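Take a look at the structure below.
Derivation of every value follows stated rules applied to the coordinates shown; laboratory data play no part. It should be emphasised that the depicted structure is a prediction, and the values quoted were computed from it without experimental measurement. All Cβ positions, even for glycine, are placed from backbone atoms using ideal geometry, and neighbour counts span all protein chains on display.
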Amino acid sequence: QRNLRGRDFLTLADFSSEEIHWLLQHALNLKRMQQEGIPHPYLQGKVLGMIFEKPSTRTRVSFEVGMIQLGGQAIFLGKQDIQLSRGESLYDTANVLSRYVDGVMIRTFSHQGLVEFARAATVPVINGLTDTHHPAQVLADLLTILEHKGRLQGLKLAYVGDGNNMAHSLLEGAVKVGMHIAVASPEGYEPDAAIVAGAEEVAKETGSQVLITHDPVEAVQEADVVVTDVWASMGQEAEQAQRETVFKPYQVNAELCQHAKSDYLFLHCLPAHRGEEVTADIIDDPHSVVFDEAENRLHAQKALLSALMR
Ligand code: CP
Ligand code: NVA
């Protein structure tokens with residue numbers, strides 16, 4: 001834990017298997033404490049700045065509530081409300097905010113922009129989603145799978161859809177905890193080759209298998225966990241109609257889920273478009289744990305915040 005204090009949380013690839021397992025255990029403890037009404041003011045007097053360049057429901061509320069439950073506070077900084085919208089650089093913004101707050105969570109477009117922001121900041125910086133990564137979400141996803149399955153090692157996770165931020169962070173996170181991962185995407189929408197190569201390297205050490213395919217049935221075959229995400233992410237609204245055509249064969253529906261294990265879990269980071277990437281019957285099915293997953297954003301991030309900012 002001492003090793004985590006002061007660190008940035010930009011991708012799961014930056015964290016060791018032991019650190020991820022520690023964060024998950026810490027999250028389970030914090031969740032139990034919250035449920036039993038045991039105070040845990042580990043961040044008393046600390047303030048988190050939260051920059052949002054894209055909309056958010058879960059990320060904003062879970063980080064803000066998490067800080068309050070830890071005895072601290074959070075400040076919402078919408079892009080339009082700060083000078084970032086008038087061209088002040090990320091470098092200057094990071095330097096200035098570092099003089100006021102004890103940590104910054106940022107949701108932005110360019111991952112490189114996040115990296116530059118974190119380099120300039122002198123306080124821990126947490127990735128609240130970029131175009132290519134969503135590690136805070138995947139920490140909550142791993143917590144949800146662990147709670148429902150009692151283990152992570154050796155389980156197979158199938159991700160069907162766009163090779164986007166969720167696909168990348170799931171690849172990076174799954175191999176760290178010894179889960180097998182299969183990603184099925186249409187041609188031209190595969191996950192980034194460098195991220196896949198990095199995951200394959202880690203997989204050699206942890207015993208995970210990584211499969212990248214264009215065939216959703218092959219990916220979902222015997223899966224313990226089935227995951228999907230929207231076809232058009234934030235910032236890709238103009239591509240919505242074209243993507244609907246390309247991704248149609250990648251819809252997660254009852255027919256596809258028949259290929260998964262009989263006790264499979266369905267996860268979706270939300271927001272979902274029912275009838276597009278997933279049918280309503282699947283998201284409302286008992287196999288679906290999407291609302292536990294959303295809740296676990298809170299507990300996983302409290303573990304993260306208290307480890308980095310204590
Ligand atoms: N899953 C997720 O990050 O949701 P929001 O966009 O609502 O924060
Ligand atoms: N891939 C989606 C995830 C939303 C939480 C997006 O980037 O919009």
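On the beta carbon distance between residue 291 and residue 32, with R0 = 25 Å, the FRET formula returns roughly 0.85.
Kirkwood-type hydrodynamic radius, the chain: 19.6 Å, calculated from all non-identical alpha-carbon pairs.
Taking a Cβ cut-off of under 14 Å around residue 83, the surrounding Lys, Arg, Asp and Glu residues balance to a net charge of -2, with basic ones at +1 and acidic ones at -1.
Taking every alpha-carbon pair within segment 4-143, the share separated by more than 28 Å comes to 15 percent. For the chain, the share of DSSP beta bridges that are antiparallel, to the nearest 5, is 0%. Test of the criteria: in segment 77-149, which GluC sites (Glu not before Pro) are in a DSSP loop and have at most 14 other Cβ atoms within 10 angstrom of their Cβ? Filter output for segment 77-149: 88.
A simple count of charges around residue 73, restricted to other residues whose Cβ falls under 15 Å of its Cβ and scoring Lys, Arg +1 and Asp, Glu -1, yields +1. Here the dipole of segment 58-182 is about 260 debye; that uses its Cα centre as origin and unit charges on the Cβ of Lys and Arg (positive) and Asp and Glu (negative). Summarising the amide proton neighbourhood of residue 183: residues at separation of 5 or more, or on other chains, whose placed amide H is nearer than 5 Å comprise 159, 211, 212, 213.
Against the main long axis of the alpha-carbon atoms of the chain, helix 135-149 sits at an angle near 60°. Each of 294, 66, 134 was placed along the dipole of the chain (beta-carbon charges, centred on the mean Cα), and the one lying farthest toward the positive end is 66.
Applying both filters, DSSP loop and at most 15 other Cβ atoms within 10 Å, to the trypsin sites (Lys or Arg not before Pro) of segment 1-40 gives 2, 5. Among 49, 178, 71, the largest mean-square fluctuation in a Gaussian network model of the chain, built with springs joining Cα atoms closer than 10 Å, belongs to 71. Rounded to the nearest 10 degrees, the inclination of helix 17-36 to the longest alpha-carbon principal axis of the chain is 80 degrees.
In sequence order, segment 303-309 has phi-based couplings of 4, 5, 4, 5, 6, 7, 9 Hz under the Karplus curve 6.51 cos²θ - 1.76 cosθ + 1.60, θ = phi - 60°, and Gly or Pro positions carry x. Applying both filters, DSSP loop and at most 15 other Cβ atoms within 10 Å, to the GluC sites (Glu not before Pro) of segment 182-259 gives 187, 222. Computed over the Cα atoms of segment 1-51, the ratio of the radius of gyration to the Kirkwood radius (Rg/Rh) comes to 1.00.
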